[in-house]
Amino acid sequence: MAPQWPRVVLAWMVANGLGACSGRSPSAPTPERRPAAADVAAPSTETARTRSPADAAALTSAHALRLGRGVPRDFVAAARAYAELCHAGCGDAEACREYLHLAAFARGAVLARADLDIAVRLCDRGDGTACQFASLVGMRPKDYDPAAVDTACAADDRKACAMAAALDFEGTRLGIPCEGMCEPSPPSLGHRATLNACLHGDGRACSSVMSSHVAVCRAAGLPTIEACIDNVAREFESAKLGSAKPLRDAWSMTRGLCAEGDADACSVVPGQAIADADLCSAGDWMKCSWATDPAQRRRACTAGYVELCEPPGERSSGATRLLTLRQRCQQGDRAVCADVARETAVAACPKAE
């Protein structure tokens with residue numbers, strides 16, 4: 001079965017000063033997919049068979065807190081609940097992924113060095129996408145293999161699609177020149193990886209897809225996002241570049257995810273955007289750190305999101321340092337290789353009795 005992986009890679013790379021390039025074609029066609037919200041709160045089949053009723057209830061409650069569904073949105077409580085179920089990578093795999101997703105984007109928790117071990121333990125438990133991610137943050141020596149993540153994406157793993165999109169920085173602009181200020185030529189539905197990620201249920205990818213198109217359409221004077229999507233689709237099909245159904249499906253997916261409570265998807269749905277102050281109140285420390293209100297910025301600093309504090313603090317995950325050490329090791333520094341081996345050794349999960 002295809003592993004699922006949280007939508008974390010871009011945030012981790014930004015938080016740790018990493019970068020990536022890609023040579024993917026910005027207008028490659030995207031497979032069509034049913035335009036429905038992709039089981040936002042459903043347990044993964046990987047763990048659902050062995051999850052106890054109590055853990056299943058706790059996971060459902062954590063999802064509700066994260067999405068603000070039926071209860072006030074509370075990223076802090078959600079992160080705490082996911083972490084308890086995760087047991088440092090040895091417990092519920094879905095809870096681990098959701099915890100890492102929140103911590104990577106500084107929602108309810110701030111990514112710490114120990115959190116990198118979670119990815120390694122998930123990898124050791126057979127999560128291939130986790131293995132790819134662990135290599136990106138210096139915890140595993142293998143280089144990132146985009147083909148492996150693309151294979152998982154093709155197997156309908158929406159979070160592997162999100163990882164592929166996050167690693168393709170061109171995808172955040174959908175391959176549109178002028179960063180959304182002029183129209184692409186030839187017309188483009190969007191960058192394949194980002195559009196695929198949206199179609200597979202990643203709210204941040206949907207936000208990127210829609211935001212980039214809307215920037216162009218606003219310049220053209222189109223009044224609504226629906227008119228914008230229709231215009232892009234017509235131009236794409238008129239140019240005989242293929243079916244524009246994936247873009248229309250992506251807009252349907254965006255609305256469906258927003259209805260489920262996905263804050264990122266809601267950011268581009270008219271009338272549904274959640275105020276930054278409300279997200280800060282819910283524990284979105286990144287939003288707090290960017291606020292003009294000094295009290296909100298202090299909340300972020302107190303919570304441990306210290307990059308924008310005065311004085312700024314050091315990043316706590318240590319991924320940049322690990323990657324630097326690995327590079328020196330590959331260049332032949334044997335003493336550094338020993339340091340890498342020691343610092344990336346992760347105790348295995350205890351065997352179930």
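Numerical summary
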quantity	calculated
Any pair with Cβ under 7 angstrom, 6 or more apart, that starts in segment 67-96 at a residue that is on the phi > 0 side of the Ramachandran plot and ends at one that is open to solvent by 20 Å² or more (accessible area, probe 1.4 Å) and among the basic types (Lys, Arg)	GLY89/ARG121
Subset of segment 283-296 [over 23 Å from GLY68 (Cα atoms) and assigned to a helix (DSSP H, G or I)]	PRO294, ALA295
ALA160 being at pLDDT 75 or above, open to solvent by 10 Å² or more (accessible area, probe 1.4 Å), out of contact with any strand residue (DSSP E or B) (no Cβ under 9 Å at 6 or more places or on another chain) and within 29 Å of VAL120 (Cβ to Cβ)	no
Flag for ARG299 being in contact with a helix residue (DSSP H, G or I) (Cβ under 7 Å, 6 or more places away or on another chain) and outside any loop (DSSP other than H, G, I, E, B)	yes
Any hit, segment 114-125, residues being at pLDDT 75 or above, under 22 Å from LEU257 (Cβ atoms), crowded, with 23+ Cβ neighbours inside 10 Å and under 19 Å from the mean Cα position of the chain (by Cα)	no
Qualifying residue in segment 109-125 (condition: at positive phi and either assigned to a loop (DSSP other than H, G, I, E, B) or touching a residue at least 12 places away in the same chain (Cβ under 8 Å) (or both))	no
Among (1) hydrophobic (A, V, I, L, M, F, W, C); (2) open to solvent by less than 50 Å² (accessible area, probe 1.4 Å); (3) in a helix (DSSP H, G or I) - the single one ALA341 does not satisfy	(2)
Unmet requirement for THR320, which otherwise passes all of (1) hydroxyl-bearing (Ser, Thr, Tyr); (2) part of a helix (DSSP H, G or I); (3) open to solvent by 100 Å² or more (accessible area, probe 1.4 Å)	(3)
Among (1) surrounded by 14 or more Cβ atoms within 10 Å (Cβ to Cβ); (2) part of a loop (DSSP other than H, G, I, E, B); (3) among the acidic types (Asp, Glu), the one test that GLU310 misses	(1)
Where a residue in segment 219-231 is over 15 Å from ARG248 (Cβ atoms) and its partner, wherever it lies, is among the hydrophobic types (A, V, I, L, M, F, W, C) and not in a loop (DSSP other than H, G, I, E, B), with Cβ under 8 Å and at least six apart	LEU222/CYS228
Checking ASP276 against (1) under 30 Å from ARG80 (Cβ atoms); (2) free of Cβ contacts under 8 Å to residues at least 40 places away in the same chain; (3) out of contact with any Phe, Trp or Tyr (no Cβ under 9 Å at 6 or more places or on another chain), the condition it does not meet	(3)
In segment 88-110, the residues that are farther than 19 Å from LEU65 by Cα and either among the hydroxyl-bearing types (Ser, Thr, Tyr) or open to solvent by 10 Å² or more (accessible area, probe 1.4 Å) (or both)	ALA88, CYS90, GLY91
Members of segment 61-112 that are modelled with pLDDT of 95 or more and among the acidic types (Asp, Glu)	ASP74, GLU84
Neighbours by Cβ (under 9 Å, 6+ apart or cross-chain): first from segment 292-320, modelled with pLDDT under 85 and among the basic types (Lys, Arg); second open to solvent by less than 60 Å² (accessible area, probe 1.4 Å) and part of a helix (DSSP H, G or I)	ARG315/ALA15
Members of segment 262-281 found to be surrounded by 22 or more Cβ atoms within 10 Å (Cβ to Cβ), assigned to a loop (DSSP other than H, G, I, E, B) and out of contact with any Ser or Thr (no Cβ under 7 Å at 6 or more places or on another chain), listed by number	ASP262
Residue that is most open to solvent (accessible area, probe 1.4 Å) [pool: residues in segment 128-154 that are in a loop (DSSP other than H, G, I, E, B) and at pLDDT 80 or above]	PRO141
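Here is a yes/no grid of residues against (1) under 28 Å from ALA291 (Cβ atoms); (2) under 20 Å from the mean Cα position of the chain (by Cα):
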| position | (1), (2) |
| --- | --- |
| LEU199 | no, yes |
| MET210 | yes, yes |
| VAL214 | yes, no |
| ALA219 | no, no |
| ALA233 | no, no |
| LEU241 | no, no |
| LYS245 | no, no |
| ALA250 | no, yes |
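The values are calculated or read from the model by the stated rules, or taken from the named source; none is laboratory data. Everything quoted here is computed from the prediction, not taken from an experiment. Because the Cβ atoms are built from the backbone with ideal geometry, glycine has one as well, and the counts that use them run over all protein chains shown. The protein model used for the area step is the full one, side chains on, heavy atoms only, and it has no ligands, DNA or RNA in it. Shrake-Rupley method; radii C 1.70, N 1.55, O 1.52, S 1.80 Å.
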